[in-house]
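One structure is given below, encoded as structure tokens.
The values are calculated or read from the model by the stated rules, or taken from the named source; none is laboratory data. Owing to the predicted nature of the structure, the values given are computational and were not obtained by experimental measurement. We place every Cβ from the backbone using ideal geometry, glycine too, and count neighbours over all the protein chains shown.
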Amino acid sequence: MVYLIALPLLSAALLLVLGRIADKWGHLLATFISATTFAIGVAEFFSMHGQSGGNRAVTQKVFEWIAVGNLKVDASLLLDQLSICFVLLITGVGTLIHIYSIAYMEHDKDRRRFFAYLNLFIAAMLLLVLGDSYLNLYVGWEGVGLASYLLIGFWNQNPAYAVAAKKAFIANRVGDVGLSIAIMISFAQFGTVSFVGVKAGAAHASPVALSAIGAMLLLAAAGKSAQFPLQSWLGDAMAGPTPVSALIHAATMVTAGVYLITRSNFIFDASSTARILVVTVGVITLLFGAIVGTAKDDIKKALAASTMSQIGYMILATGLGPVGYAFAIMHLLTHGFFKAGMFLGAGSVMHGMEDEVNMRKYGGLARLMPITAVTFGLGYLAILGVPPFAGFYSKDKIIETAFNQGGGKGILLGGAALIGAGITAFYMTRVVVLTFSGARRWKDGAHPHESSILMWAPMVVLAIGSVASGFLLSFGSSLVNWLQPVVNASNAVGGKELMKPLVVSLLALVVVILGAGYAITKYRTVPDVAPEKVSLFTKAARKDLYQDDLNDALLVKPGKALTLGLVATDNYVIDGAVRLVGWVLSEISDVLRKIQNGYVRTYALIMLAGIFIGALIIWVVTA
């Protein structure tokens, strides 16, 4: 099991240490290592699948890490039904993106460094999902944050890209504080930070402690998975190379928050307050991201808003109880296929359009890029939830489970998820229509063409997953049964069935048709420059619902004011007091220096004055 992490970590170190020596073959080594980890993951999966019984978890102790007082933490790895799903997703999709990147980054002089960062990210993400305690997870969590910073800012010679990387790093650090506090509370309450120990202690913990841990874990998840209110970094993170967007911001890193909540199911199952916070964040974010996606002309930022929304669906599902965890993971896995495929498709379009990202300057590309258009289209049908594509099996289950919460809560959550599906259909159809259909709108300098086989072959594999993964994961409730021992789905309390599954699917299909139909009608003909006179709603969506303005007003400007105040206090109060003492002593010294003139009579006078003053003091004291 340790080889899963060690191989990509050593590969990354080797490529960074060797430097330019590895330029000619570094990308091949990194891709081979990623494929090897995938093969190891497949072997582990079949070994686990062949075992009988419910609990198939395997723990491997690597070494004793911390032994200080009551805090004893081993560097140990846990491979169970949940972590193996992520291992296969990370290494499988990661390998496809490595292959794609060989061609995409072919002319970049720092391609070897890029692949080193990819391997570093794979290693950190695997440690995150394989650690057997919150502290081990935390190391991988921070490693993922570092790797994402390096990859987002890979072209940091562009100041805007460097700022985007810094923004992502800082937003993630806010969430990381939440994870740190959750770990501290866990140790204070339970005397351990292992998953097993915290799970055992949670059964007897106070509701206040459980709610506090759950809230801090949710804060961590919101930072890493770009959920409200820490979502503002995701759109700017599209500054990184497109393969980075596909790997980090579609298939792996942004799903870490979903993993954290699912892994901590025993905390959230025991705290109704924490679950309410989770579903609230999920609903707000799935609608927030969908609305923002309706007005983006940058193809990558439109897909980023879509990712934010789809992760919102997953977060919502994790707050719906034991069965919801399984549906969240199902949507996470299907989303990994169709969203990574669409990001790679966007990269293929940009590759053929001289790195142009404005969809208003595309049009009619399906005729010139047929493989890209077909693979992107299959991912599009999957995210819409059109049967029998992958999203139909996963997203519809989340909507159904939300409705089945019963009463007003069920109607509110299910209705919000259904509205989100309709908006998703609108903005994704907008992307497809603007990019692949209609008349050409590109300038004479562009020469759109189909990408090389190294780029379209991974897109084809991901498109196949977009078609088949939902059916395979849901066949005979295979994924639900597989995850049952981890998420305690057998203890689920059956909710009242508000609507039959068929009714939910028909409703979802209707809103999808309405959303897609409206987009087709609206964007059949568009100008190549976005109109300036638009509704207030469109203006707000273009500016990400003013999230950056709000952050500036609540955090940036007060932070700058506080910094300026502290600097002024330091300069004029603290340093000023020091300078005042020095000035006073200097002035006194100047006065005293004048009486040190070398004349005996002066010194005699001073001695006489001293005797007189001393006698006066004695007289006053004794009188």
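Things to note:
- Failed item, numbered, when Ala326 is tested on (1) buried (at least 24 other Cβ atoms within 10 Å of the Cβ); (2) in contact with a Ser or Thr (Cβ under 7 Å, 6 or more places away or on another chain); (3) farther than 19 Å from Gly223 by Cα: (2)
- When each of Ala508, Ala519, Ala541 is tested for being within 30 Å of Val357 (Cβ to Cβ), touching a helix residue (DSSP H, G or I) at 6+ places or on another chain (Cβ under 9 Å) and at pLDDT 90 or above, the lone residue that passes is Ala519.
- Looking only at residues of the stretch 169-206 that are in a loop (DSSP other than H, G, I, E, B) and closer than 19 Å to Gly140 by Cα, we find that the one that is nearest to the chain's Cα centre (by Cα) is Val193.
- Scanning the stretch 294-313 turns up no residue that is under 22 Å from Val174 (Cα atoms), charged (D, E, K, R) and outside the structural domain of Ala416 (by TED's automatic domain parsing).
- Some residue of the stretch 474-489 being of a type in the set (A, V, I, L, M, F, W, C) and surrounded by fewer than 16 Cβ atoms within 10 Å (Cβ to Cβ): yes
- Only one of the listed residues (Gly145, Gly178, Gly153, Gly131) is in contact with a strand residue (DSSP E or B) (Cβ under 8 Å, 6 or more places away or on another chain) and either surrounded by fewer than 24 Cβ atoms within 10 Å (Cβ to Cβ) or without any contact (Cβ under 8 Å) to a residue 60 or more places away in the chain (or both). That residue is Gly131.
- Just one residue in the set Ile419, Ile383 is within 21 Å of the chain's Cα centre (by Cα) and assigned to a helix (DSSP H, G or I); that residue is Ile383.
- Selection from the stretch 388-417 of residues that are surrounded by fewer than 21 Cβ atoms within 10 Å (Cβ to Cβ) and either of a type in the set (A, V, I, L, M) or modelled with pLDDT under 90 (or both): Gly406, Gly407, Gly408, Lys409, Gly410, Ile411, Leu412, Ala416
So that you can scan it fast, the table gives a plain yes or no per residue for (1) buried (at least 16 other Cβ atoms within 10 Å of the Cβ); (2) within 26 Å of Arg112 (Cα to Cα):
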{"position": "Leu14", "(1), (2)": "yes, yes"}
{"position": "Gly19", "(1), (2)": "no, yes"}
{"position": "Ser34", "(1), (2)": "yes, yes"}
{"position": "Phe45", "(1), (2)": "yes, no"}
{"position": "Met48", "(1), (2)": "yes, no"}
{"position": "Ile66", "(1), (2)": "no, no"}
{"position": "Leu89", "(1), (2)": "yes, yes"}
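- Only listed residue being touching a Pro at 6+ places or on another chain (Cβ under 8 Å) and at pLDDT 85 or above, chosen from Phe436, Phe426, Phe471: Phe471
- Contact map, the stretch 196-209: first residue farther than 17 Å from Asp132 by Cα and surrounded by fewer than 16 Cβ atoms within 10 Å (Cβ to Cβ), second residue aromatic (Phe, Trp, Tyr) and modelled with pLDDT of 90 or more, Cβ cut-off under 9 Å, separation 6 or more or different chains; pairs are Ala203/Phe266.
- Odd one out for Glu532 among (1) of a type in the set (D, E, K, R); (2) within 27 Å of Trp233 (Cα to Cα); (3) not assigned by TED's automatic domain parsing to the domain that holds Ile423: (3)
- Residues located in the stretch 81-129, provided they are over 22 Å from Phe343 (Cα atoms), outside any loop (DSSP other than H, G, I, E, B) and out of contact with any Gly (no Cβ under 8 Å at 6 or more places or on another chain): Gln81, Leu82, Ser83
- Scanning the stretch 440-469 for residues that are outside any helix (DSSP H, G or I) and not basic (Lys, Arg) turns up Trp442, Asp444, Gly445, Ala446, His447, Pro448, His449, Glu450, Ser451, Ser452.
- The test for being among the hydrophobic types (A, V, I, L, M, F, W, C), surrounded by 11 or more Cβ atoms within 10 Å (Cβ to Cβ), in contact with a Phe, Trp or Tyr (Cβ under 7 Å, 6 or more places away or on another chain) and assigned by TED's automatic domain parsing to the domain that holds Glu400 does not hold for Val526.
Residue by residue, here is whether (1) without any contact (Cβ under 8 Å) to a residue 40 or more places away in the chain; (2) on the phi < 0 side of the Ramachandran plot; (3) of a type in the set (D, E, K, R); (4) surrounded by 11 or more Cβ atoms within 10 Å (Cβ to Cβ) holds:
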position	(1), (2), (3), (4)
Ala541	no, yes, no, yes
Gln547	no, yes, no, yes
Leu555	yes, yes, no, yes
Val567	yes, yes, no, no
Gly582	yes, yes, no, no
Ser586	yes, yes, no, no
Ile595	yes, yes, no, yes
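- Candidates in the stretch 24-80 are the residues that are modelled with pLDDT under 90, assigned to a loop (DSSP other than H, G, I, E, B) and in contact with a helix residue (DSSP H, G or I) (Cβ under 7 Å, 6 or more places away or on another chain); of these, the one that is farthest from Val196 (Cα to Cα) is Gly54.
- Selection count, the stretch 522-538, where residues are outside any loop (DSSP other than H, G, I, E, B) and touching a helix residue (DSSP H, G or I) at 6+ places or on another chain (Cβ under 9 Å): 2
- Being surrounded by fewer than 21 Cβ atoms within 10 Å (Cβ to Cβ) and either assigned to a helix (DSSP H, G or I) or of a type in the set (S, T, N, Q) (or both) is a property that does not hold for Ala221.
- Of all the criteria given as (1) on the phi > 0 side of the Ramachandran plot; (2) free of Cβ contacts under 8 Å to residues at least 60 places away in the same chain, the one not satisfied by Gly438 is (2).
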